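Take a look at the structure set out below.
The values are calculated or read from the model by the stated rules, or taken from the named source; none is laboratory data. Since this is a predicted model, take the numbers as computed values, not measurements. Note: ideal-geometry Cβ built from the backbone for every residue, glycine included; neighbour counts use all protein chains shown. Ligands, DNA and RNA are stripped out before the accessible areas are found, and what is left, the full protein with its side chains, is counted by its heavy atoms. Shrake-Rupley method; radii C 1.70, N 1.55, O 1.52, S 1.80 Å.
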Amino acid sequence: MIRFFTIAATIALLSTTSCSQEKQANADPQKSPQDAFFDRLSAHCGNAYAGSLVSDDRLDKAMQGKAMVIFFTQCTDSQIRIPFHIERNPDEWDRSRTWVITRTNGGLRLKHDHRHEDGSEDKVTQYGGDTADAGTADLQSFPVDQESIDMFGQNGLTTSSTNIWSVGITDGEQPIYSYQMERVNRKFRVEFDLSKTIDTPPPAWGDEAV
């Protein structure tokens, strides 16, 4: 009887081990933090959300209390465009800004597409940077790149040459999308409530031509 139970236990153990090995062999490889982050952004494609300025820098006084909207649009496997709309007056909006997050061979890239109302590019546009580390599935940071530093210098914006931008996305009871720009003595941060969608806003300036 003892021998019978020993054999049965051995068979059960081998069966369990075999199943475990099969599951491991069939499992998808673990995603990098940047892939997970990009996928979490992509999950919101087609949706618009309301938000507001949460930093208190005096340089952003004109934006305090203004309605803000983001719209996850024009999403592909390699790029997500996120127009950022800011209320000027109850019937007037600034639709000049679009954040563009792109996969690269080494990580992720954030660029700022700035347009005039007629769709033409602003003279200060397509600036940003690439990730310098793996970051997390919740947060990615983008130090300013050399191309942007050169453009800032050419346009008298040398104080922006140390910019670091951060984009965050959190889940849970209060899911939030955040965008932040920070440098010495300067901080700009906006947050958007991802718990409920809002009506889709009009296209960002120039989107029809993109």
(message) What are the ³J(HN,Hα) couplings of region 165-179, residue after residue, when phi is run through the Karplus curve with 6.51, -1.76, 1.60 and θ = phi - 60°? Round to Hz, x for glycine and proline.
(response) 9, 9, 10, x, 8, 10, 9, x, 5, 10, x, 9, 9, 10, 10
(message) List residues of region 102-117, by number, whose backbone nitrogen lies under 12 Å from a label position 7 Å along Cα→C-beta of residue 130.
(response) 103-110
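Charges only on Cβ, +1 for Lys and Arg, -1 for Asp and Glu: so what's the dipole of region 83-189 about the Cα centre, in debye to the nearest 20? Numbers along the way, then the final one.
On the way: 12 positive and 18 negative charges, 54 e Å.
Computed about the Cα centre, the dipole is about 260 debye.
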(message) If each residue of separation counts as 0.36 nm, what is the full-extension length gain between residue 196 and residue 76 once their alpha-carbon separation is subtracted?
(response) 40.9 nm
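Where does each of 57, 118, 133, 35 land when they are ordered by accessible area, with a 1.4 Å probe and the largest first?
Working: 57 25, 118 125, 133 95, 35 60 Å².
Result, largest first: 118, 133, 35, 57.
Once you have the Cα-Cα distance between residue 147 and residue 36, take 0.36 nm times their residue separation minus that, and quote the gain in nm to one decimal.
Working: separation 111, 0.36 × 111 = 39.96 nm, distance 2.75 nm.
So the extension gain works out to 37.2 nm.
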(message) Skipping prolines and chain starts, which residues have an amide H placed within reach, meaning under 5 Å, of the one on residue 88, given they are 5 or more residues away or on another chain?
(response) 93, 94
(request) Between residue 187 and residue 162, with labels modelled 7 Å along Cα→Cβ, what's the label distance in nm to one decimal, could you check? (result) 1.5
(request) Net charge near residue 109: determine it from the other residues with C-beta under 12 Å of the C-beta of residue 109, scoring Lys and Arg +1 and Asp and Glu -1. (result) -1
(request) Using only Cα atoms, tell me the angle between helix 33-42 and the longest principal axis of the chain; keep it within 0 to 90° and round to the nearest 10. (result) 70
(message) Just checking my list [x] 19.5, 66; [y] 23.2, 89; [z] 16.7, 52 against Rg and Dmax of the Cα atoms in Å computed from this structure; which label fits?
(response) [y]
(request) Please turn the phi angles of region 99-116 into ³J(HN,Hα) values with the Karplus equation 6.51 cos²θ - 1.76 cosθ + 1.60 (θ = phi - 60°), one per residue in order, whole Hz, x for glycine and proline. (result) 8, 10, 10, 10, 6, 10, 4, x, x, 10, 10, 10, 10, 10, 9, 9, 10, 8
(request) Skip the ligands, DNA and RNA, and give the accessible area per residue of the chain with a 1.4 Å probe, whole Å². (result) 59
(request) Compute, for residue 184, the solvent-accessible surface of its heavy atoms (probe 1.4 Å) with the complete set of protein chains present, and express it in square angstrom to the nearest 10. (result) 120
(request) For region 126-187, state which GluC sites (Glu not before Pro) are in a DSSP loop and have at most 13 other beta carbons lying within 10 Å of their beta carbon. (result) 173
